[in-house]
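The structure appears below as structure tokens.
The values are calculated or read from the model by the stated rules, or taken from the named source; none is laboratory data. On a predicted model such as this, the values are computed, not experimentally measured, just so you know. Don't worry about glycine lacking a Cβ; one is built from the backbone with ideal geometry, like all the others, and counts go over all protein chains shown. These area figures cover heavy atoms from the full protein model, side chains too; ligands, DNA and RNA do not enter into them. Shrake-Rupley method; radii C 1.70, N 1.55, O 1.52, S 1.80 Å.
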Amino acid sequence: LGLVYLSLKANVLKDEHGDWKPIGDPTEAAISVLCKKAGLNREKLQKEYKTIVAKPFDQEKRYIEAVFEKNGEKCHVFVGAPDFLNKKLKVDHGFSKNYHDLAREGLRVIGVAIFEASEKKLLGNALLAIDEEVRISAKGSILEAKKAGFKICMLSGDYPETAKEIARKVGIFLEGDKVLTGEDVEKLSIGELSQKTENVSVFARITPEHKLKIVRAFQSAGRVAAMTGDGVNDAPALQAAILGICVGSGTQVAKDASDIVLVDDNFETIVTAISEGRAIYLTLKKVILYLFSTSFGEVLVLAGAIVIGLPLPLVAVQIIWLNFVTDGFFVVALAAQKPKAELISKEELKSGELVDSLMVQRIITMGLSMIIALPVFYYFLNDYSLDYARTMALLVLAATQWFNSLNVRSRYVSVFKKGMDNPYIVFSFIIVFALQILIIETAWGNRVMHTTGLTFLHWVLALALSTSVIWVEEARKLLTRSK
């Protein structure tokens, strides 16, 4: 064990607070902890043994190699992947069997073999098993990300059985999924590999070169690839990915090559960040949809009146009222809604554009439904005064905008199923309704806004007709869901 300790580049040291802190590769640091617990002192060992060769971990060979001398006798030390050691050094069969048994339990297994300098006589061998810590939140975050449409893959240097079992514990590997090894990745072209990515959730015995090829394969398959890494050799893959994510404990080279650095090394943070980003994006789409559809409806009503030779249904101050007061409250309400605790479904974010074809379709249908204010204006213009007809048109247009704020919250989910999930919209309804009464039923409001008082029945009629914007959008949603 002392020779193994000397072979490692990593260590555990006490920081300024007296706490133990790992330095270097996590796996090597874990072995260093074992050596510390066994009472070994690296400084004493370095005085006892002379270092002849000290090669760091080789990504291709998958092991550390070192030669030490004591009293004229040399020892050749190998520390690394048991299957690679067995392939090179032909360690006995028990070594291999025990390794496979431990790997199936999800343990990360490190092999140790010590030979004489000639590598002919085996002086000793051992297996060191590390139980990987699985964060309690990891499985929940992974399942949540999968529900939201993400495909999550594990890229590991571990033995396939070990990687597969760890991936199973956290919900990455499911029944029916496949495992590809580094050898498989090398044999396949990027095009062939891209065709296999759909069913593969674990890549084992992977080198940094393989990571770059895997990223390009996913991109070739039309996916937006995000990559996590921490080592110097991960930099090419981190740069090649659309989103490179480095853990806070990673090397500076990896951090410089990344777009995001996770200071807490926690996968849950990635999921939370994606959730926030999707919420902001969806909020922008809601606000744009609301403003465009209501403005389009107003334009149709005004243009329609001009075309058929009617007086303008609204005067300038009433148009300003609709755009600044009515729209203003609901825009703020839509923007202020807190994102859901879980990731927003991919169905709500089908397009990567702020204004997509479905949004244009919704703007047109919602805007057309608001033209109901024009026949209302025409009817009351014949039987009542111009001010009365304009007041009815103003109330109908304002109320359709109120109800339209309920429509824009989801592309597919019914207003009645979604319920009142935004308290800010409820508050806005109360405020704008009170203000609408103020400008219609008070002498001050009549003078400033050029309105006149309405009967109770006409209030009810205007509000009932204004719900047409909901029924038209509900019909569209039902048709879309049926498809």
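Here are a few things to note about the model shown:
- Counting only helices (runs of 4 or more DSSP H) wholly contained in segment 363-469, the ones carrying 2 or more residues that are among the charged types (D, E, K, R) and either open to solvent by 50 Å² or more (accessible area, probe 1.4 Å) or touching a Cys at 6+ places or on another chain (Cβ under 7 Å) (or both) occupy 415-418.
- Inclusion of Gly304 among residues that are free of Cβ contacts under 8 Å to residues at least 12 places away in the same chain, open to solvent by less than 40 Å² (accessible area, probe 1.4 Å) and out of contact with any strand residue (DSSP E or B) (no Cβ under 8 Å at 6 or more places or on another chain) is not warranted.
- Residue selected from segment 257-272 under the condition over 19 Å from Glu144 (Cα atoms) and in contact with a Leu (Cβ under 9 Å, 6 or more places away or on another chain), by the criterion most open to solvent (accessible area, probe 1.4 Å): Asp259
- Against the numbered list (1) open to solvent by 40 Å² or more (accessible area, probe 1.4 Å); (2) within 23 Å of the chain's Cα centre (by Cα); (3) small (Gly, Ala, Ser), Ala145 comes up short only at (1).
- Applying a threshold of 7 Å to beta carbon distances and a minimum spacing of six or more residues, or different chains, the list of pairs starting in segment 230-259 at a residue that is assigned to a helix (DSSP H, G or I) and ending at one that is polar (S, T, N, Q) reads Val232/Thr251; Asn233/Gln59; Leu238/Ser258; Ala257/Gln239.
- The listed residue being within 22 Å of Thr228 (Cβ to Cβ), surrounded by 15 or more Cβ atoms within 10 Å (Cβ to Cβ), touching a residue at least 24 places away in the same chain (Cβ under 8 Å) and in contact with a Leu (Cβ under 8 Å, 6 or more places away or on another chain), out of Val179, Val112, Val170, Val200: Val200
- Among the residues here, Ala66 does not qualify as over 18 Å from Asn125 (Cβ atoms), in contact (Cβ under 8 Å) with a residue 60 or more places away in the chain and open to solvent by less than 50 Å² (accessible area, probe 1.4 Å).
- Every residue from segment 11-50 that is open to solvent by 80 Å² or more (accessible area, probe 1.4 Å) and under 17 Å from Glu133 (Cα atoms): Lys21, Pro22, Pro26
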